[in-house]
Amino acid sequence: MIFKLRNRTVNGNGGYWGTNGVSQGVLRRTNLAPGVIASGFTDHFTGYGTSTTARTSPYGHVAVVTGVNPDGTFNVQEAGYGGTFPWGNVRTNISPENVVFLLPN
């Protein structure tokens, strides 16, 4: 997958943005905040498959954080989750464990 982000190209599946994105000009962000990009491979944060196949996804996921909850979980707007690909799916209360947060340079 190739995605244009502010006239920069980020290569790789969503889970690789935390490494590929940094080397290609995306700044790693350690603090969870609305508007940042979330990237990861964890069971609870996947954009491929269903609840029964998500753990086997080699692709990881990437989404935009839309909010941070008082308990430390976060909400996203995304595409691809659960086998549906249109942009705009909203998911809430995602654990930040093993998820990398990024901002464009």
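Evaluate the distance, in nm, between pseudo-label points positioned 7 Å from the Cα of residue 73 and of residue 98 along their respective Cα→Cβ axes.
The modelled label-to-label distance comes out at 1.8 nm.
Got a sec to turn the phi values of the stretch 90-103 into Karplus ³J(HN,Hα) couplings, 6.51 cos²θ - 1.76 cosθ + 1.60 with θ = phi - 60°, whole Hz, x for Gly and Pro?
10, 10, 10, 6, 8, 6, x, 4, 6, 10, 9, 10, 10, 10
Each residue of the stretch 63-75 in order: what ³J(HN,Hα) in whole Hz does its phi give by Karplus 6.51 cos²θ - 1.76 cosθ + 1.60, θ = phi - 60°, with x for Gly and Pro?
7, 9, 6, 9, x, 10, 8, x, 7, x, 6, 9, 10
All of the numbers you see were taken from the coordinates with simple rules; none came from a lab. A quick note: this is a predicted structure, and the numbers were derived from the prediction, not measured. Note that we place each Cβ from the backbone using ideal geometry, even for glycine, and neighbour counts take in every protein chain shown.
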